[in-house]
1. What's the number of the condition B:ILE70 fails, among (1) more than 20 Å from A:GLY161 (Cα to Cα); (2) within 12 Å of chain A (Cβ to nearest Cβ)?
2. Assess whether B:PRO87 counts as being buried (at least 22 other Cβ atoms within 10 Å of the Cβ), within 13 Å of chain A (Cβ to nearest Cβ), free of Cβ contacts under 8 Å to residues at least 40 places away in the same chain and at negative phi.
3. Filtering region B:189-204 down to residues that are touching a residue at least 60 places away in the same chain (Cβ under 8 Å) and surrounded by 23 or more Cβ atoms within 10 Å (Cβ to Cβ), which residue is farthest from A:LEU83 (Cα to Cα)?
4. Need a quick list: helices (runs of 4 or more DSSP H) entirely within region C:105-210 having at least 2 residues that are more than 14 Å from chain A (Cβ to nearest Cβ) and more than 22 Å from A:LEU127 (Cα to Cα).
5. Within region C:1-32, how many residues are surrounded by 14 or more Cβ atoms within 10 Å (Cβ to Cβ), touching a residue at least 24 places away in the same chain (Cβ under 8 Å) and either in a helix (DSSP H, G or I) or within 11 Å of chain D (Cβ to nearest Cβ) (or both)?
6. If B:LEU54 satisfies every condition in (1) of a type in the set (A, V, I, L, M, F, W, C); (2) closer than 25 Å to B:SER208 by Cβ; (3) facing chain A (nearest Cβ under 9 Å) but one, which is the exception?
7. Filter region C:72-104 down to the residues that are assigned to a loop (DSSP other than H, G, I, E, B) and more than 18 Å from the chain's Cα centre (by Cα) and list them by number.
8. For region B:107-119, check the following and say yes or no: at least one residue is over 30 Å from D:GLY19 (Cα atoms) and either touching a helix residue (DSSP H, G or I) at 6+ places or on another chain (Cβ under 6 Å) or surrounded by fewer than 23 Cβ atoms within 10 Å (Cβ to Cβ) (or both).
4 protein chains.
Amino acid sequence: MSQAEVYSAAGFGRAVPRGSRPAILVVDFSYGFTDTRYPTAATMAAQIAATRRLTDLARSKNFPVIYTTIAFHAGELGLLPWLKKAPGMAALVKGTRLVEIDRATGVQPVDAIIEKKGASAFHGTGLAALLAGAGVDTLIVTGATTSGCVRASVVDAVQSGFHVLVPRDCCADRAQAPHDANLYDIAQKYGDVTDADDVHDWLIGLPSPD
Amino acid sequence: MSQAEVYSAAGFGRAVPRGSRPAILVVDFSYGFTDTRYPTAATMAAQIAATRRLTDLARSKNFPVIYTTIAFHAGELGLLPWLKKAPGMAALVKGTRLVEIDRATGVQPVDAIIEKKGASAFHGTGLAALLAGAGVDTLIVTGATTSGCVRASVVDAVQSGFHVLVPRDCCADRAQAPHDANLYDIAQKYGDVTDADDVHDWLIGLPSPD
Amino acid sequence: MSQAEVYSAAGFGRAVPRGSRPAILVVDFSYGFTDTRYPTAATMAAQIAATRRLTDLARSKNFPVIYTTIAFHAGELGLLPWLKKAPGMAALVKGTRLVEIDRATGVQPVDAIIEKKGASAFHGTGLAALLAGAGVDTLIVTGATTSGCVRASVVDAVQSGFHVLVPRDCCADRAQAPHDANLYDIAQKYGDVTDADDVHDWLIGLPSPD
Amino acid sequence: MSQAEVYSAAGFGRAVPRGSRPAILVVDFSYGFTDTRYPTAATMAAQIAATRRLTDLARSKNFPVIYTTIAFHAGELGLLPWLKKAPGMAALVKGTRLVEIDRATGVQPVDAIIEKKGASAFHGTGLAALLAGAGVDTLIVTGATTSGCVRASVVDAVQSGFHVLVPRDCCADRAQAPHDANLYDIAQKYGDVTDADDVHDWLIGLPSPD
């Protein structure tokens with residue numbers, strides 16, 4: 001069998017049901033990842049712009065828009081094993097510009113910002129509770145990087161009970177091969193990989209929550 | 001810059017410190033994944049044998065050996081979004097042979113078995129508590145599949161506060177490209193990718209816990 | 001100020017909004033807690049009957065009914081700190097009668113059963129994901145014991161993003177003083193303490209989910 | 001049987017093993033709870049002083065000292081069910097004085113500060129990972145309030161795999177009856193209730209970590 005046949009026989013890659021209560025998760029479009037003066041960043045202006053079109057629309061319809069940022073308290077830096085494997089992340093310290101959400105995203109004061117300590121937007125954060133409290137059923141995941149924090153957040157989103165959509169042109173990475181490989185895994189196992197136009201059209205047609 | 005230079009500049013890919021209290025996590029070597037009469041399975045006898053050499057050694061030195069299996073209660077099947085995306089997993093029902101740990105692993109009654117509902121061995125399970133209670137500092141992750149449950153478990157392991165080692169010859173997948181792509185991501189961002197001989201030699205030299 | 005005035009001034013004790021998508025959580029009505037031949041059990045036939053009236057109704061309207069049971073794998077027993085403080089719980093081993101849900105509850109095959117390793121129905125389990133996947137907004141918590149697993153589950157339920165109702169006549173305990181003290185804390189800080197008649201009338205008036 | 005006999009027969013109330021790697025958790029000694037100009041606060045200068053004696057000692061021996069504070073992002077306030085039940089907590093907004101740790105605690109820049117969104121220091125936070133990463137085996141829980149955030153944190157601590165000690169004179173509450181009732185539950189089911197002198201003597205005798 002081909003790889004596609006193997007995956008299909010195993011029951012992967014089916015289309016995700018879309019609910020009626022979406023939220024948009026914008027992963028790590030903070031300056032530490034978006035401003036290439038920092039070594040942890042990459043070029044992602046196009047993906048930020050594509051995401052902003054969706055977040056502006058979602059906010060206008062009263063769907064939650066939630067941003068994440070990696071932000072460490074100084075007292076945590078010496079204790080976390082992740083920072084031994086990926087010490088570049090230790091530059092993301094609370095109170096510095098690196099952890100601020102990039103203004104180009106159009107982030108608003110009404111948007112929740114989730115501070116996280118690892119790759120996933122859910123691990124060790126209140127995000128699942130926030131989504132449950134908001135009655136969300138479908139999570140649109142965007143941001144950076146596809147092969148790191150986006151992938152980890154997508155896996156946790158579906159594990160946490162939410163349908164997942166990933167518009168590929170809203171996801172940025174440092175390199176093309178990991179970007180593509182992770183979108184493949186996501187499309188097979190965790191969420192539907194689509195594009196911003198498709199998500200935009202779907203959001204347009206949804207009624208706002210009461 | 002090359003991709004390797006980009007990753008290195010971002011502070012990824014450093015060597016993981018190895019502690020003194022390891023445990024071995026064996027992900028989803030259950031018949032549903034190991035016995036190719038089931039469409040969710042793949043060939044992985046070599047990886048099971050390589051893993052067994054490590055688990056036999058670890059057990060003899062009183063280091064914890066922990067197995068996982070995906071196992072759904074019938075009452076959960078209709079409620080979980082993951083089973084819409086990956087409906088093949090819905091065959092893994094409690095009480096069936098598919099959820100039993102493959103005898104070829106050498107699993108023993110003293111080994112804990114974690115039942116999980118998604119990709120990660122940590123998400124919605126008591127694994128992190130079990131490891132903390134056992135005083136574990138370093139988790140060796142093996143099993144199947146590399147691009148699915150192994151990857152998800154590795155990401156959660158380091159996020160949960162444990163150093164992670166992944167012997168590549170103890171990890172199985174349905175296809176080579178996702179296997180390789182995920183080991184690349186792991187090696188850069190989450191844990192050291194090594195082999196069974198290296199892990200074996202390291203375990204041999206460690207003192208047993210009191 | 002009186003204690004009541006102190007709590008009111010602190011902004012506690014407000015009424016919980018009731019949503020439209022309830023579920024009933026039945027905590028630990030397993031034989032280990034309900035059958036007084038076991039030292040971990042107490043008399044609770046009346047609370048089981050009062051709960052059954054609600055679960056029968058909920059099931060008939062297609063609202064989820066979820067049971068929990070404490071159930072340890074033999075391989076976990078030596079590793080969990082909770083079993084040092086409360087070693088009586090170590091009798092609750094998978095495969096024994098103690099971990100089975102009491103037939104008097106009217107549990108059905110369609111009902112999910114959550115296996116847990118501690119006091120809370122949420123900690124280290126897939127319950128939050130199950131509720132999110134089912135679109136639940138309000139959790140009715142019943143079971144045993146009020147001062148132990150019910151209290152812990154209530155606290156986690158509201159922390160996980162769900163409104164909480166506790167019918168006091170559906171909650172059992174080994175002693176009256178802890179029962180009363182914990183219902184007081186719950187009523188002030190975590191959920192509305194009411195009775196089975198009130199919950200019954202509310203459920204009757206709710207439309208079934210599509 | 002008396003209540004004491006019932007609990008003893010059920011296997012509760014045993015002494016907690018003390019490990020060799022403690023940490024101190026100081027729950028919610030932030031101005032919103034310690035400065036009585038705020039309606040959410042209570043008098044707790046004595047408990048702060050008793051806790052400080054322990055934290056100064058622990059820090060001098062290189063044991064982790066971790067503080068928590070409840071701190072909401074403005075974008076979260078409308079979405080969290082807990083703030084409907086306990087709307088007084090909604091005053092605890094990031095950037096305000098209410099969420100700052102009280103200087104009287106002697107908090108130092110090297111100490112980790114955990115921001116939380118509910119009662120428990122563990123729920124939706126990175127605390128369990130931090131403790132695992134630090135190799136902690138025993139958690140000393142202090143702070144405010146005994147019947148709220150201390151109780152919830154103690155339950156989660158033992159569920160997360162740590163032995164728990166609670167020095168009663170380091171725990172503050174708004175009222176005596178809930179303080180006493182919760183220390184009773186803790187002593188029976190979750191951790192040893194002791195006093196600051198006992199913890200001090202134990203810490204003095206422990207070797208510092210390497």
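1. Unmet for B:ILE70, out of (1) more than 20 Å from A:GLY161 (Cα to Cα); (2) within 12 Å of chain A (Cβ to nearest Cβ): (1).
2. Numbers: buried (at least 22 other Cβ atoms within 10 Å of the Cβ): no; within 13 Å of chain A (Cβ to nearest Cβ): yes; free of Cβ contacts under 8 Å to residues at least 40 places away in the same chain: yes; at negative phi: yes.
No: the conditions fail for B:PRO87.
3. B:VAL199
4. C:176-189, C:196-204
5. The total comes to 8.
6. Failed condition: (3).
7. To start, the set of residues in region C:72-104 that are assigned to a loop (DSSP other than H, G, I, E, B) comprises C:73, C:77-81, C:86, C:92, C:94-96, C:100, C:102.
Those that are assigned to a loop (DSSP other than H, G, I, E, B) and more than 18 Å from the chain's Cα centre (by Cα): C:HIS73, C:LEU77, C:GLY78, C:LEU79, C:LEU80, C:PRO81, C:ALA86, C:LYS94, C:GLY95, C:THR96.
8. yes
The values are calculated or read from the model by the stated rules, or taken from the named source; none is laboratory data. Keep in mind that this is a model prediction, so the values were computed, not measured. So basically every Cβ, Gly included, is an ideal-geometry build from the backbone, and we count neighbours across all protein chains shown.
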